[in-house]
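Have a look at the structure below, then the notes.
Bear in mind these aren't lab numbers, they're just calculated from the coordinates by the rules spelled out. It should be emphasised that the depicted structure is a prediction, and the values quoted were computed from it without experimental measurement. Cβ coordinates were reconstructed from backbone atoms using ideal geometry, including for glycine residues, and neighbour counts include every protein chain displayed.
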Amino acid sequence: MTISGIVLVLTLLIGGLASHLQREEISIRRALPQIDSVAFLRSDGSRRLQIKGRFAEDCAAPLQSAVKAFPHNLDIQLYRDIASTVVCDPQETPFVYDLPIERGTDRSAVIINDRVWLAERAAYFEASLFPAWLDQALLIQADSGGLQLRVRGAQAVGCLLPELFTWRETSEGIFIGVYNAMDAAGVCAAVEVEIVETVSLPATELPADTLLRVNDILISESETQNVSDIDKVMTNINRVDVTVAGERISLAIEGEHPDGCDYPVQVDQRRDGNIVHVEIYREVPADVFCPMILQPYQATIQLDGSFTAGSYTINVNSHSQTLEI
């Protein structure tokens with residue numbers, strides 16, 4: 001082999017080894033601890049939450065934390081990011097994590113790595129966490145400039161409980177969890193408890209093209225940006241009675257609005273030859289949550305223009321009928 005050939009082989013070997021070492025350096029696994037106890041402590045005027053636990057192995061990696069405060073709970077992630085090049089001893093290592101608590105912070109529920117602890121005076125006991133059943137989730141821009149999340153649905157249990165939230169950032173996007181928590185010995189009535197909740201999010205803005213999922217609901221970028229749009233909510237038409245007086249026509253209409261929001265009723269008329277189109281609707285802001293109840297609607301509408309002898313088709317929303325004059 002020539003000298004140039006030997007140099008080329010060595011270069012390839014060195015490059016391959018460097019590439020292999022680089023891949024090892026960026027390979028990271030996340031280790032989560034076992035939580036043993038949670039307590040609320042006061043001393044020297046300070047207030048703190050003390051969490052004791054243990055990792056399954058002894059590694060030269062620091063304990064890391066991410067803490068988010070929601071209206072009815074603290075959401076805490078405790079973990080170690082361990083590089084693939086680190087060798088861990090197979091023995092448990094205990095830790096103590098102290099979190100300062102500001103006055104006014106609701107500490108009655110603490111979610112640590114997706115497990116929940118409920119306060120009982122200064123001590124905490126582990127409880128069960130139930131994902132809420134959501135029908136709708138909406139991201140809105142608050143007047144203060146921050147972001148808010150508005151959710152609607154029902155609780156997973158029949159007791160009236162506060163909604164608890166989690167915030168998880170991954171390489172795929174942001175995942176927000178909405179939960180209820182209760183003692184395993186608790187008993188609830190077999191009834192559905194409605195959820196209508198608005199919370200401020202721990203972010204003032206989200207990067208473009210961010211995937212945002214709330215429980216099983218995916219919020220797209222367009223929904224995120226267009227929350228101030230107006231929805232055209234059509235009225236359900238059940239019956240139309242036509243009255244002819246000379247060359248004028250009036251409609252006695254019975255129907256219902258599909259929700260309980262109280263917004264003005266709009267009536268648009270359009271005539272194409274012998275076909276009359278009447279639209280009855282309300283303009284409802286897209287970021288408004290409406291009670292899921294039906295509202296009856298009755299009205300008498302005078303059609304524009306005159307109607308001579310002939311055959312006419314009258315369309316009122318999805319209701320259609322033919323009239324002979």
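Quick look at the numbers
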{"read-out": "Where labels lie 7 Å past Cα in the beta-carbon direction, separation of Ala31 and Asp272 in nm", "value": "7.1"}
{"read-out": "√(5λ) per eigenvalue of the Cα gyration tensor, the range 161-281, largest first, Å", "value": "46, 23, 10"}
{"read-out": "Net charge, Cys88 excluded, C-beta distance under 14 Å - Lys, Arg +1, Asp, Glu -1", "value": "-1"}
{"read-out": "Spin-label model distance (nm) - Glu169 vs Glu102, 7 Å beyond Cα toward Cβ", "value": "1.8"}
{"read-out": "Projected-area mean, the range 257-325, by convex hull of Cα positions, square nanometres", "value": "5.6"}
{"read-out": "Residue-by-residue Karplus 3J(HN,Hα) for the range 294-304, coefficients 6.51, -1.76, 1.60, Hz, glycine and proline x", "value": "8, 10, x, 9, 9, 6, 10, 10, 8, 6, 6"}
{"read-out": "Net length gained if the chain between Val191 and Glu254 were fully extended (0.36 nm per residue, minus Cα distance)", "value": "19.4 nm"}
{"read-out": "Highest-MSF residue in the chain out of Thr198, Thr308, Thr300 [GNM, Cα springs under 10 Å]", "value": "Thr308"}
{"read-out": "Computed over the chain: relative contact order in percent, which uses C-alpha pairs under 8 Å that are six or more apart", "value": "11"}
{"read-out": "Computed [θ] at 222 nm, helices only, for the chain once each DSSP H run of length n ≥ 4 contributes -39500 (n - 2.57)", "value": "-3000 deg cm²/dmol"}
{"read-out": "Charge dipole (debye, nearest 20) of the chain; +1 at Cβ of Lys and Arg, -1 at Cβ of Asp and Glu", "value": "780"}
{"read-out": "Given (1) 22.3, 69; (2) 31.0, 109; (3) 22.8, 74, the label whose value is Rg and Dmax of the Cα atoms in Å derived from this model", "value": "(2)"}
{"read-out": "Sites Thr85 and Gln64, calculated FRET efficiency, Cβ-Cβ separation with R0 22 Å, nearest 0.05", "value": "0.75"}
{"read-out": "Karplus-derived 3J(HN,Hα), 6.51/-1.76/1.60, for each residue of the range 93-110, Hz, glycine and proline x", "value": "10, x, 8, 10, 10, 9, 10, x, 10, 7, 5, x, 6, 6, 10, 5, 9, 10"}
{"read-out": "Förster radius 35 Å - calculated FRET efficiency between Lys232 and Thr322, Cβ distance, rounded to 0.05", "value": "0.85"}
{"read-out": "Segment Leu160-Asp183, extension gain: residue separation times 0.36 nm, minus the distance between their alpha carbons", "value": "6.9 nm"}
{"read-out": "Rule-of-thumb Rg ratio for the range 30-126 [Cα; 2.2 N^0.38 Å; N residues]", "value": "1.14"}
{"read-out": "For Cys59, net neighbour charge (Lys/Arg +1, Asp/Glu -1) across residues whose Cβ lies under 11 Å away", "value": "-2"}
{"read-out": "Stretchable slack from Gln50 to Ile301, in nm (0.36 nm times residue separation minus alpha-carbon distance)", "value": "83.6 nm"}
{"read-out": "For q = 0.13, 0.17, 0.22 Å⁻¹, Debye-computed log10 I/I(0) when each Cα of the range 132-227 counts as one equal scatterer", "value": "-0.48, -0.76, -1.13"}
{"read-out": "Environment charge at His277 (Cβ cut-off 13 Å; Lys +1, Arg +1, Asp -1, Glu -1)", "value": "-2"}
{"read-out": "Of all DSSP beta bridges in the chain, antiparallel share, percent nearest 5", "value": "90"}
{"read-out": "Positive-end residue, the range 132-227 charge dipole about Cα centroid, Cβ charges, pick of Trp133, Val178, Gly158", "value": "Gly158"}
{"read-out": "Centroid-to-centroid separation of the range 55-132 and the range 238-310 [C-alpha atoms, Å]", "value": "57"}
{"read-out": "Per-residue Cβ neighbour rank within 10 angstrom, fewest leading, Glu205, Glu126", "value": "Glu205, Glu126"}
